[in-house]
Amino acid sequence: MKPPKDSADRVNRICSAIRRAIIERALSPGDKLPEDTLGERFGVSRTIARQALGQLASEGLVDLRRNRIAIVATPTFEEARDVFDIRVELERLVVRHLAGRLTKDQIAALRAHVDEQEKASAGPEATSIRLATDFHVVLAEMTGKPILIRYVSEVAYRSGLSLSAYGRPHSPECAVSEHRQLLKALERGDAEASIKLMSSHLASVAERASLANGDSKSRDLLAILAPYVEE
């Protein structure tokens, strides 16, 4: 039996907020996600919180342990590399499909997105990281292929988790420059160049995932999630 629509909406709301908090590195690998704390912050029952954690666990973003303890997943270095290898192949499919097929409105939307990235590069790192990830999700959505959209979205979030665990600081200038080059290749319909640019771009991102983050201090989950509750 499927959960009632209202319950499903609440589960999706929590999942979206936690995914974004992970991408923006507000939540780090190993952070605890108690059901009662999530319920309090989002104004839902522990049952709803548990369902959300189960969904996130199925996406590889959360580890469920004994006694109903949930934590943000900590991928091994090998798992992180596997995620990026898979992501490269998936996103090569995306640009192969989109090269020469983007509409004027889609091109305009992508240009606006990259412009927003450039403006955000001078602000908080969290916003820049989120916009850089969203660019790839938006590209996948423009294919109109539900399975590809789902897999690219999930692997993009898992990549964000890997970067949080092992990455150097985000490089907004590189992200903007590489996204602009990719967009130009897609506009002119050069599938081969688009594939090469996507591969090299993601390889550059992966190369930044090489230093362990030793920050294991205790953190206030209610405070961390506060900005995400109303999103």
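The relative contact order of the chain, computed from alpha carbon pairs under 8 Å that lie at least 6 residues apart in sequence, is 29 percent. Under the simplified labelling scheme, the VAL137-ARG65 pair shows an inter-label distance of 2.8 nm, with each label point 7 Å from Cα along Cα→Cβ. Computed in the context of the full set of protein chains, the accessible area of the stretch 51-169 at 1.4 Å probe radius has 50% of its extent on carbon or sulfur. Per-residue 3J(HN,Hα) values for the stretch 126-133, derived from phi via the Karplus relation 6.51 cos²θ - 1.76 cosθ + 1.60 with θ = phi - 60°, read 4, 5, 4, 5, 5, 5, 5, 5 Hz in sequence order (x marks Gly and Pro).
Considering only the Cα atoms of the stretch 1-123, their convex hull presents on average a projected area of 11.2 nm². Quick one: grab the alpha carbon gyration tensor of the stretch 78-140, order the square roots of its eigenvalues as a ≥ b ≥ c, and give me rounded if a/c is under 1.5, else prolate or oblate depending on whether a/b is larger than b/c. Oblate is the answer for the stretch 78-140, as a/c is 1.5 or above yet b/c matches or exceeds a/b. Phi angles across the stretch 149-154 convert, under the Karplus curve 6.51 cos²θ - 1.76 cosθ + 1.60 with θ = phi - 60°, into 3J(HN,Hα) values of 4, 4, 5, 5, 4, 5 Hz, Gly and Pro given as x. Between ALA223 and SER177, the modelled labels are 3.7 nm apart [label points 7 Å from Cα along Cα→Cβ].
The residue among LEU139, PHE42, GLN106 whose Cα reaches farthest toward the positive pole of the charge dipole of the chain, with charges on the beta-carbon of Lys, Arg, Asp and Glu, is PHE42. Students often get this wrong, so try it: which of [x] 1.03; [y] 1.08; [z] 0.93 is Cα Rg over 2.2 N^0.38 Å as calculated from the structure shown? This structure yields the entry labelled [x].
For the chain, the number of Lys pairs with C-alpha atoms closer than 22 Å, counting only pairs eight or more positions apart or on separate chains, is 6.
The values are calculated or read from the model by the stated rules, or taken from the named source; none is laboratory data. None of the values given here were measured: they were computed from a predicted structure. A quick note on method: Cβ atoms are made from the backbone with ideal geometry, for glycine too, and the neighbour counts reach across all protein chains shown. To get the accessible areas, we keep the full protein, side chains included, count just its heavy atoms, and leave off ligands, DNA and RNA. Shrake-Rupley method; radii C 1.70, N 1.55, O 1.52, S 1.80 Å.
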